[in-house]
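Engineer: Submitted below is the structure of interest, expressed as structure tokens.
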Amino acid sequence: MKFNIQNMLSGVLFLCTLITTPAQEHRELSLSVGDPAPAIDQLQWVKGRPVTGFKKGQIYVVELTSVACPFCRESMPYLKELVQKYEKKIKLLAIYLEKKKAFRGSSPEYPRKVKDYVTVLNNPYPVAVDDSTGTVYRAWMKPAGLMGVPQALVVGQDGRITWIGHPMELAPVIAQLTSGTFAPEVEYCRQTRALQKLKQVMHLQEAGKWNRAYKVLDQLISEYPEKRYFLYPRKYETLLKDNPEKAYRFIGRFLKEKQGYSTWKGMAETLLFYSYKNTLTAPHYDQLITLAQKAIAQTTDKLHKVQNLRMQAYAYAQKEDYAKAVEIQQEVIRIQASRAPRDVFGEGTAYDRKKLEQYREFIK
């Protein structure tokens with residue numbers, strides 16, 4: 001059996017990423033780590049110099065992404081940093097797939113939409129679009145068991161797939177590859193162990209063995225720093241199911257630490273999710289507001305600011321501070337008006353105006 005390593009590397013519960021079955025027989029997966037990288041010579045390139053093949057001696061990072069996936073944008077700053085840091089050692093290329101077609105082929109207007117999208121975002125690396133027959137879906141995604149984006153596949157100097165996982169976990173892999181210290185077998189064992197521990201956490205949660213679940217999660221957080229953006233929200237969820245007061249204290253400590261944008265936002269979204277399930281109380285909403293504010297402080301992306309401001313407005317409304325909710329929602333609409341055209345990002349202001357009116361109704 002040949003283990004499909006991306007299933008453990010892609011352990012992200014972002015809305016646009018669907019997790020595949022943890023263990024699959026090799027006969028079900030014809031593309032995995034160690035296999036030759038599929039051809040990319042039939043793609044339509046909309047930005048940068050076309051990459052028509054993988055040259056020996058060169059490391060490539062292939063990002064599979066989509067305009068329709070808002071969370072894919074959160075990977076862009078990380079990928080840009082990788083390009084800048086390893087400019088002469090790696091080549092990064094993005095391949096866009098049209099989500100509305102379930103990734104199985106692009107419509108005629110999609111290449112123009114992608115071109116507008118990456119131009120607005122100042123994407124610095126080559127960009128291609130999957131063709132109308134879904135070449136990338138059929139040659140890359142489906143054989144590898146990938147069911148969602150974003151995904152990153154590293155093609156090593158020998159032209160074979162070296163790593164498959166979430167783009168935000170690429171940094172340590174690229175550092176080891178470019179320094180010649182990357183050991184696929186070691187990484188395989190490391191990620192297998194992570195998957196086993198995550199499954200153990202799930203079983204412990206189901207059995208109500210909370211203290212043991214906490215211990216395993218703390219081990220994961222210590223051993224896998226590149227996964228903290230995913231693991232911290234999982235710990236919060238576990239604490240919340242056990243004892244909401246413990247979850248509240250955990251966020252209090254968490255807010256004093258130094259985190260990256262995606263970790264702040266991921267935690268804020270986790271609180272938001274549980275607020276919809278009527279699990280949170282007023283003090284938790286104060287924490288949601290602070291988490292969103294910390295995320296806002298670490299981004300210049302207007303859409304990211306909009307997403308976090310929406311969470312803040314909602315939290316203030318839950319606290320019945322409707323005047324503040326209106327104030328923040330008005331800021332959301334101002335930012336929306338200054339953003340790129342709706343057809344580029346697929347988001348207008350109709351939703352935000354509706355929310356604004358709802359908050360105003362409570363004031364009346």
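The values are calculated or read from the model by the stated rules, or taken from the named source; none is laboratory data. It should be emphasised that the depicted structure is a prediction, and the values quoted were computed from it without experimental measurement. We place every Cβ from the backbone using ideal geometry, glycine too, and count neighbours over all the protein chains shown.
Engineer: Restricting to the stretch 181-197, and then to whatever is farther than 21 Å from Val62 by Cβ and modelled with pLDDT of 90 or more, can you tell me which residue is surrounded by the most Cβ atoms within 10 Å (Cβ to Cβ)?
Structural biologist: Filtering the stretch 181-197 for residues that are farther than 21 Å from Val62 by Cβ and modelled with pLDDT of 90 or more, the one surrounded by the most Cβ atoms within 10 Å (Cβ to Cβ) comes out as Lys197.
Engineer: On the given criteria, is Gly148 farther than 19 Å from Val51 by Cα, surrounded by 16 or more Cβ atoms within 10 Å (Cβ to Cβ) and either touching a Leu at 6+ places or on another chain (Cβ under 6 Å) or aliphatic (A, V, I, L, M) (or both)?
Structural biologist: Criteria met by Gly148.
Engineer: Within the stretch 73-82, identify whether any single residue is surrounded by fewer than 16 Cβ atoms within 10 Å (Cβ to Cβ), at negative phi and either at pLDDT 90 or above or not polar (S, T, N, Q) (or both), and answer yes or no.
Structural biologist: Yes, the stretch 73-82 has at least one match.
Rundown of residues vs (1) touching a His at 6+ places or on another chain (Cβ under 7 Å); (2) of a type in the set (Val, Ile, Thr); (3) surrounded by 16 or more Cβ atoms within 10 Å (Cβ to Cβ); (4) without any contact (Cβ under 8 Å) to a residue 12 or more places away in the chain, yes/no style:
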| position | (1), (2), (3), (4) |
| --- | --- |
| His203 | no, no, no, yes |
| Ser222 | no, no, no, yes |
| Thr238 | no, yes, yes, no |
| Gln259 | no, no, yes, no |
| Lys294 | no, no, yes, no |
| His304 | no, no, yes, no |
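Engineer: Another question about this same structure. Looking at the stretch 106-215, what strands (runs of 3 or more DSSP E) fall wholly within it and have at least 3 residues that are aliphatic (A, V, I, L, M) and within 21 Å of the chain's Cα centre (by Cα)? Steps first, please.
Structural biologist: Working: elements: 127-129, 151-155, 161-165.
Qualifying strands (runs of 3 or more DSSP E): 127-129, 151-155.
Engineer: Still on this model: Can you tell me which condition Ser10 does not meet? The list is (1) modelled with pLDDT of 50 or more; (2) polar (S, T, N, Q); (3) surrounded by 14 or more Cβ atoms within 10 Å (Cβ to Cβ), and all the others hold.
Structural biologist: Here Ser10 meets the rest and fails (1).
Engineer: While we're on this one: So if I check each of Ile40, Ile90, Ile95, which one is touching a Leu at 6+ places or on another chain (Cβ under 6 Å), in contact (Cβ under 8 Å) with a residue 12 or more places away in the chain and within 25 Å of Ile174 (Cα to Cα)?
Structural biologist: Just one listed residue meets the conditions, Ile95.
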